[in-house]
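Worksheet: one structure, shown below.
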Amino acid sequence: MKITNAKVIVCSPGRNFVTLKIETDEGIYGIGDATVNGRELAVASYLQDHLVPCLIGRDASQIEDIWQYFYKGAYWRRGPITMAAIAAVDVALWDIKAKAANMPLYQLLGGASRTHMLTYTHANGETIEETGDKVAAFKEQGWKAIRVQSAVPGLPVTYGVEKVGSLAQAEDKPRETLWDTPTYLRFLPKLLDHLRDRFGYELHLLHDVHHRLTPQEAAGLAKEVERHRLFWLEDAVPAENQESFRLIRQHSTTPLALGEVFNSIHDCRQLIQEQLIDYIRTTPLHAGGITHVRRIADLAGLYHIRTACHGAADMSPITMGAALHFDRWVPNFGIQEYAFHPDEAKNVFPHEWHLRDGYLYSGEKPGHGVDIDEKAAEKYPYRQAYLDVARLSDGTMWSW
Ligand code: EZ4
Ligand code: CO
């Protein structure tokens, strides 16, 4: 089966998405997601200008060889742009192979290890009470696991507390937010005290620190919140330096998750082999497609570390489809994140996966079960948009 055409589609149905569609001489096509939030056009160019010309004429069934060809053949390996572009090719090719086999994708990975996936979503409130009310509403809808973020009194804008699934801001420059670690560290235990008092301990609560702390601060926080028995504390420290997590581990038994920004197995190898984390958050988008995420999951499984694919709304419904087929198979599955796409995105990307009672289901259609309506996509042209940045009150740039 020869690849006859590959096209890059950039659209903004509520937020920006970069999609690769690969067509073959047998009439079967596949799609993959290449979105890197805030840097979309760089991946679009990487695909359009560099990978697409090398794809035409190749045998679509050679997923592994094409992956290696683009990974090793780049010479400058890894990095978010390269790996997202390779991922889009990889996921589109898995989609094609599964459609050609007339099987849902998870069957090609080795078949189902489970019927449905434990999933968490986000309760983001302006106050502790409002966050609690959102948790109550999700619990009522059947959710078993909820990530809780709340505006920190004294800080004008807090990470995670904005309209769910929306394009946070469509501007020509990133919005600047203010961060203050001591204020946050005093506040967070109060939020968790309130939620445990109100909901007890059966409901899984998660929290995302979003790379804001030093290892010492994170160790103190992880120790203090042991009493809240979190499902996990996420991205406690920026993890360019993987050794940072040793310090947190030495002081606390709070489960730790990270890896949404990682793009290769080398970014998490030490964390996995030293058992410094409990959940690895790499997805089939930012970490090189199903071919590479599968490798990470197998390494993690040796060390009792479970998967937790990043599922923010800034990845298209295609990535959610691919992740759910991966989740369906992966033996060491932990949890899946889901943050609700805007309605416009659901129209542009018709999909078979669905949510019921706090669980996601992959669907049984051949392929990954997600399509793109190109006519609908045309109605939503790309809009320049950036993620926020954060500074301390004296102007120092901080991690966002
Ligand atoms: O901020 O995907 O756990 N989820 C997250 C996300 C990230 C965004 C960045 O583009 O931390 O919401
Ligand atoms: Co996160």
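Sequence gap at least 6, Cα distance under 8 Å: using those rules, report the relative contact order of region 139-243 to the nearest whole percent.
Over region 139-243, the number comes to 29 percent.
How high is the relative contact order of the chain? Use alpha-carbon pairs under 8 Å, at least six apart in sequence, and give a whole percent.
23 percent
Cα convex hull of the chain: how many Å³ per residue?
129 Å³
Does anyone have the angle between helix 63-73 and the longest principal axis of the chain? Alpha-carbon axes, 0 to 90°, nearest 10?
70 degrees
Between region 115-147 and region 61-82, how many Å separate their Cα centres?
Spelled out, the Cα-based centre of one part sits 38 Å from the other.
What are the ³J(HN,Hα) couplings of region 189-199, residue after residue, when phi is run through the Karplus curve with 6.51, -1.76, 1.60 and θ = phi - 60°? Round to Hz, x for glycine and proline.
Each residue's phi maps through the Karplus curve to give x, 5, 4, 5, 4, 4, 5, 5, 4, 7, 10 Hz.
Return the long-range amide H neighbours of Thr177 (sequence gap of 5 or more, or a different chain), with a cut-off of under 5 Å between placed amide H atoms.
Answer set, sorted by chain and number: Val389, Ala390, Arg391.
Looking at Ala112, Met1, Leu285, which one has the Cα that reaches farthest to the positive end of the dipole of the chain (charges on Cβ: Lys, Arg +1; Asp, Glu -1)?
Ala112
Give me a comma-separated list of calculated 3J(HN,Hα) values for region 215-222, in order, Karplus coefficients 6.51, -1.76, 1.60 applied at θ = phi - 60°, integers in Hz, x for any Gly or Pro.
Here the 3J(HN,Hα) series is x, 5, 5, 5, 4, x, 5, 4 Hz.
Under a point-charge model restricted to the Cβ atoms of Lys and Arg (+1) and Asp and Glu (-1), what is the dipole moment magnitude of region 293-355 relative to its Cα centre, in debye to the nearest 20? Numbers along the way, then the final one.
Working: 5 positive and 7 negative charges, 63 e Å.
Magnitude of the dipole: close to 300 debye.
Take every DSSP beta bridge whose two residues both sit in the chain, then give the antiparallel share in percent to the nearest 5.
Working: 22 of 47 bridges.
DSSP beta bridges in the chain are roughly 45 percent antiparallel.
Amide H to amide H, which residues 5 or more places from Glu260 or on other chains are under 5 Å from it, using H placed in the peptide plane?
Those lying under 5 Å, H to H, from Glu260 are Arg281.
At His50 and Val389, where each label point lies 7 Å from the Cα along Cα→Cβ, what is the point-to-point distance in nanometres?
So the label points at His50 and Val389 sit 2.4 nm apart.
If you average the C-alpha positions of region 216-280 and of region 312-371 separately, how far apart do those two centres end up, in angstrom?
26 Å
With +1 assigned to the C-beta of every Lys and Arg and -1 to the C-beta of every Asp and Glu, and no other charges, what is the dipole magnitude of the chain about the Cα centre in debye, to the nearest 20?
On the way: 42 positive and 51 negative charges, 117 e Å.
It works out to roughly 560 debye.
Could you name the lysines whose alpha carbon sits less than 21 Å from that of Lys375, not counting residues in the same chain fewer than 8 places away?
Lys7, Lys21, Lys346
Among the lysines, select those whose C-alpha is under 16 Å from the C-alpha of Lys190, and discard any that sit fewer than 8 residues away in the same chain.
Straight-distance partners of Lys190: Lys223.
What would the Debye formula give as log10 I(q)/I(0) at q = 0.18, 0.24 Å⁻¹ for the alpha-carbon point model of region 325-400, no solvent?
Scattering profile of region 325-400, log10 relative to I(0): -0.92, -1.16.
In sequence order, what are the phi-derived ³J(HN,Hα) couplings for region 130-142 according to the Karplus relation 6.51 cos²θ - 1.76 cosθ + 1.60 with θ = phi - 60°, rounded to whole Hz, with x for glycine and proline?
Result, ordered by residue: 5, 4, x, 5, 5, 4, 4, 5, 5, 4, 4, 6, x Hz.
Among Val52, Val237, Val18, determine the one that fluctuates most according to a GNM of the chain built with springs between C-alpha atoms less than 10 Å apart.
Val52
About its Cα centre, what dipole magnitude does region 104-244 give when the only charges are +1 on Lys and Arg Cβ and -1 on Asp and Glu Cβ, stated in debye to the nearest 20?
It comes to approximately 480 debye.
A short reminder: the numbers here are calculations on the coordinates, not readings from a lab. Small disclaimer: the values here were computed from a predicted structure and weren't measured. As a convention, Cβ positions derive from the backbone with ideal geometry for all residues, glycine included, and neighbour counts pool all protein chains shown.
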